[in-house]
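Read the structure below first, then the notes.
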Amino acid sequence: MLIASGSVISVIAELTARGIVGPNGGAGIRIASVMRSESTWTVGHRAARAWLHAAATALVGSGLLSLLAPQRVVDICLPIGMAVAFCFLIVSAVVASRAARRSDDSGDDGVERAAGVGRG
């Protein structure tokens with residue numbers, strides 16, 4: 001189940017950051033600052049993409065550990081891996097919120113800036 005959860009988080013992270021999946025009732029970072037508009041949704045998810053992938057990696061790693069390691073190792077390391085994943089998810093929400101608020105405060109769509117377009 002952890003491997004599947006990590007995989008879903010990673011796929012959703014990419015789909016939301018690329019703008020393929022917009023604001024909705026079920027997937028993505030669902031906090032007010034990010035849900036405010038299409039633009040803040042995309043900016044927030046692009047900013048949080050790496051943190052979401054880190055959380056997904058921690059979950060997949062924990063799942064693999066639970067399948068392959070001796071039980072005494074699993075008993076110690078599995079809760080740590082899950083806690084690390086949870087922390088990465090919290091950080092991703094904070095990063096997304098800050099990016100969304102910055103883009104909302106600037107009055108522009110912020111999508112190009114979050115993607116690194118126009119730097120030179």
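All of the numbers you see were taken from the coordinates with simple rules; none came from a lab. The shown structure was predicted, so the numbers you read here are calculated from the model rather than taken from an experiment. So basically every Cβ, Gly included, is an ideal-geometry build from the backbone, and we count neighbours across all protein chains shown.
Observations on the structure shown:
- Rounded to whole Hz, the Karplus (6.51, -1.76, 1.60) HN-Hα couplings of the range 76-81, x for glycine and proline: 8, 7, 4, x, 5, x
- The modelled label-to-label distance between residue 24 and residue 3, using points 7 Å beyond Cα along the C-beta direction, is 2.5 nm.
- For the range 1-40, Kirkwood radius (reciprocal of mean inverse C-alpha pair distance, Å): 10.7 Å
- For the chain, alpha-carbon Rg relative to the globular expectation (2.2 N^0.38 Å, N residues): 1.18
- Each 10 Å bin from zero up to the one holding the largest Cα-Cα distance in the range 43-102 carries the following percent of pairs: 27, 39, 22, 11, 2.
- Cα-based helix-to-principal-axis angle, 2-17 vs the chain, degrees rounded to 10: 10 degrees
- Across the chain, C-alpha contacts under 8 Å between residues 6 or more apart give a mean separation that, scaled by the residue count, equals a relative contact order of 33 percent.
- When the square roots of the Cα gyration tensor eigenvalues are ordered a ≥ b ≥ c, the ratio a/c for the range 1-69 is 1.5 or more and a/b exceeds b/c, which makes its shape prolate.
- The modelled label-to-label distance for the pair residue 32/residue 67, using points 7 Å beyond Cα in the direction of Cβ, is 4.2 nm.
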